[in-house]
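*Asks:* Below is a structure I'd like to ask you about.
The values are calculated or read from the model by the stated rules, or taken from the named source; none is laboratory data. Computed from a predicted model, the values in this text were never measured in an experiment. Heads up, the Cβs are rebuilt from the backbone with ideal geometry, glycines too, and the neighbour counts pull from every protein chain shown. Ligands, DNA and RNA are stripped out before the accessible areas are found, and what is left, the full protein with its side chains, is counted by its heavy atoms. Shrake-Rupley method; radii C 1.70, N 1.55, O 1.52, S 1.80 Å.
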Amino acid sequence: MSHPRSEQLYARARAVIPGGVNSPVRAFRAVGGTPLFIARGEGQYLIDADGQRYLDFVGSWGPLILGHAHPQVIRAITAAAAQGTTFGAPCAGEVELAERVVAAYPGIEQVRFVSSGTEAVMSAIRLARAATGRDLIVKFSGCYHGHADHLLVAAGSGLATFGRPSSAGVPEPFTACTRVLPLDDEAAFEELLGREGARIAAVIIEPVPANHGLLLQRREFLERVRELTRRHGVLLIFDEVISGFRLARGGAAERLGITPDLATFGKVIGGGLPVGAFAGPRAVMARLAPDGDAYQAGTLSGNPVAMASGIATLDVLVHENGWQRLESLGAAVEAALRPVLARAPFPVHFVRAGSLFWLSLHEAGAPRTAAPLPEAASARYGRLFHALLGQGIYFPPSAYEACFLSLAHREADFEPLARALEHALAAAA
Ligand SMILES: *Cc1c(COP(=O)(O)O)cnc(C)c1O
């Protein structure tokens with residue numbers, strides 16, 4: 001399939017935008033080829049600049065839980081925009097969305113809105129440090145928490161390692177207060193908290209890690225993390241930027257029955273507009289300015305148009321029994337794809353949590369820790385990706401990214417997906 005308009009746009013983009021993109025994964029580096037420039041989205045479809053249509057399993061990386069251009073969301077955005085796009089003063093939409101978040105998520109009483117998931121996590125960590133008077137934070141290898149300096153840290157091997165920046169431009173001292181642990185390892189966790197617990201402000205985790213494929217955790221591990229953080233007076237932060245309002249109304253916390261101290265949100269909560277949020281009990285949130293001494297602010301925070309988009313998205317999910325339908329869609333895609341994967345010419349494993357799924361090309365099956373994929377498997381994924389794209393299926397352009405379903409998907413979409421996947425697996429072998 002040729003994409004002359006995307007190619008022209010990409011050439012122009014590369015002249016004026018580094019790498020031609022405003023977020024690196026969009027550049028198709030992991031799979032090769034030219035990124036498609038998208039002209040519009042319709043329900044479960046993307047339409048590129050050359051007018052070609054794709055069944056979309058990326059959903060803008062999570063926000064579009066209702067699909068593209070959902071009429072109710074677009075109406076809400078349009079109506080809000082007509083009243084003015086930003087005031088730099090409070091508006092009713094902030095209260096309405098905050099009330100919905102507080103009612104939905106276990107254990108939280110207050111929420112503050114920001115404009116991205118990165119900002120939400122950054123602010124939650126500052127707040128946790130203020131509330132505990134401690135400096136250290138713990139993250140897990142393979143969990144992504146946005147691109148704040150102190151969180152751009154790769155894992156070391158074995159037990160607790162000192163954080164080493166995984167990006168140029170992050171001075172080592174900036175990550176000196178970050179500890180990185182492997183997922184799925186209670187012993188390493190217990191050892192670190194035993195040693196440094198009194199200096200640790202917060203442990204942050206994606207309860208359903210979805211940024212290194214889908215690394216489903218054992219409940220016992222997450223329960224142990226909850227138990228030990230509580231015992232050491234460490235705040236547990238669930239980064240629910242992907243899982244929040246996707247896996248359940250109350251996110252992964254509700255699904256797992258484990259309540260964190262603080263939670264961060266993004267993606268679904270803005271329904272496709274830039275919104276992030278962090279939330280917790282009143283006693284902790286009170287440390288934030290203007291009531292408290294932990295500073296945090298944003299020119300476009302609580303933006304009326306973005307709030308309207310988030311409210312409309314959550315309302316549709318509630319009224320259409322969205323989370324139950326997403327679960328059935330997830331089960332349906334699993335039923336359609338499993339038989340195809342069982343016949344695949346190389347090992348591919350289906351991993352799923354609700355409306356998130358991942359094709360793991362790891363030989364051994366579904367990993368629970370952030371193991372790198374062998375070169376050959378990554379190359380295979382690149383061929384698989386392009387073979388799907390050629391059949392009108394848009395999968396994430398990286399073997400480490402999960403697929404997203406939306407309420408716009410239909411069970412009838414999964415039969416053509418299964419056929420396309422069968423061909424693509426043969427082509428990728
Ligand atoms: C996407 C993501 C972020 C960062 O959100 P942005 O809006 O891209 O800044 C943080 N945490 C998790 C778990 C994410 O998936």
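*Asks:* Quick one: which of V318, V284 is open to solvent by 20 Å² or more (accessible area, probe 1.4 Å), in contact with a strand residue (DSSP E or B) (Cβ under 7 Å, 6 or more places away or on another chain) and of a type in the set (A, V, I, L, M)?
*Replies:* Numbers: V318 fails: in contact with a strand residue (DSSP E or B) (Cβ under 7 Å, 6 or more places away or on another chain).
After ruling out the rest, the residue left standing is V284.
*Asks:* Across region 351-394, what is the number of residues that are surrounded by fewer than 17 Cβ atoms within 10 Å (Cβ to Cβ) and part of a strand (DSSP E or B)?
*Replies:* Summing the residues that are surrounded by fewer than 17 Cβ atoms within 10 Å (Cβ to Cβ) and part of a strand (DSSP E or B) in region 351-394 gives 0.
*Asks:* Now, a different point. Check I269 against each of (1) within 12 Å of the ligand (Cβ to nearest atom); (2) open to solvent by less than 10 Å² (accessible area, probe 1.4 Å); (3) not in a helix (DSSP H, G or I) and name the one condition it does not meet.
*Replies:* (3)
*Asks:* Can you tell me which residues in region 86-132 are polar (S, T, N, Q) and crowded, with 22+ Cβ neighbours inside 10 Å? Can you show your working first?
*Replies:* Restricting attention to region 86-132, the residues satisfying the condition of being polar (S, T, N, Q) are 86, 110, 115-116, 118, 123, 132.
Residue satisfying the conditions is S123 alone.
*Asks:* Going by the conditions given, is A188 in a helix (DSSP H, G or I), at pLDDT 95 or above and open to solvent by 40 Å² or more (accessible area, probe 1.4 Å)? Before you say what the answer is, go through the steps one by one.
*Replies:* Working: in a helix (DSSP H, G or I): yes; at pLDDT 95 or above: yes; open to solvent by 40 Å² or more (accessible area, probe 1.4 Å): no.
Spelling it out, it is not the case that A188 is in a helix (DSSP H, G or I), at pLDDT 95 or above and open to solvent by 40 Å² or more (accessible area, probe 1.4 Å).
*Asks:* Find the residue count for region 246-266, including only residues that are away from the ligand (no atom under 13 Å from the Cβ) and over 17 Å from I204 (Cβ atoms).
*Replies:* 6
*Asks:* Limited to region 205-224, what total is found for residues that are away from the ligand (no atom under 16 Å from the Cβ) and not acidic (D, E)? Outline the logic, then answer.
*Replies:* From region 205-224, those away from the ligand (no atom under 16 Å from the Cβ) are 218-221, 223-224; that's our starting set.
Add one more test, that the residue is not acidic (D, E), and what stays is 218-219, 221, 224.
So the count comes out to 4.
*Asks:* Considering only residues that are of a type outside the set (A, V, I, L, M, F, W, C), touching a Lys or Arg at 6+ places or on another chain (Cβ under 7 Å) and not in a loop (DSSP other than H, G, I, E, B), which ones fall in region 197-225?
*Replies:* R199
*Asks:* Also, quick follow-up: Out of the residues in region 2-60 meeting the condition of being open to solvent by less than 50 Å² (accessible area, probe 1.4 Å) and assigned to a strand (DSSP E or B), tell me which one is farthest from F414 (Cα to Cα).
*Replies:* D48
*Asks:* Residue check: is P209 more than 19 Å from V284 (Cβ to Cβ) and out of contact with any Cys (no Cβ under 9 Å at 6 or more places or on another chain)? Give the derivation first.
*Replies:* Numbers: more than 19 Å from V284 (Cβ to Cβ): yes; out of contact with any Cys (no Cβ under 9 Å at 6 or more places or on another chain): no.
Criteria not met by P209.
*Asks:* Just wondering, is there one or more residues in region 70-90 that are of a type outside the set (S, T, N, Q) and within 24 Å of L214 (Cβ to Cβ)? Write out each step before concluding.
*Replies:* The first filter runs over region 70-90 and keeps only residues of a type outside the set (S, T, N, Q), leaving 70-71, 73-77, 79-82, 84, 87-90.
Applying the additional criterion that residues be within 24 Å of L214 (Cβ to Cβ) yields none.
No, region 70-90 contains no residue that is of a type outside the set (S, T, N, Q) and within 24 Å of L214 (Cβ to Cβ).
*Asks:* Can you tell me which residue in region 213-238 is farthest from A370 (Cα to Cα), limited to those that are touching a residue at least 60 places away in the same chain (Cβ under 8 Å) and open to solvent by 10 Å² or more (accessible area, probe 1.4 Å)?
*Replies:* G233
*Asks:* Please identify the pairs in which a residue from region 100-127 that is farther than 20 Å from H145 by Cα has its Cβ atom under 7 Å from the Cβ atom of a residue that is in a helix (DSSP H, G or I) and at pLDDT below 95, counting only partners at least 6 apart or on another chain.
*Replies:* none
*Asks:* Restricting region 61-85 to residues that are over 23 Å from the mean Cα position of the chain (by Cα) and assigned to a loop (DSSP other than H, G, I, E, B), which is surrounded by the fewest Cβ atoms within 10 Å (Cβ to Cβ)?
*Replies:* G84
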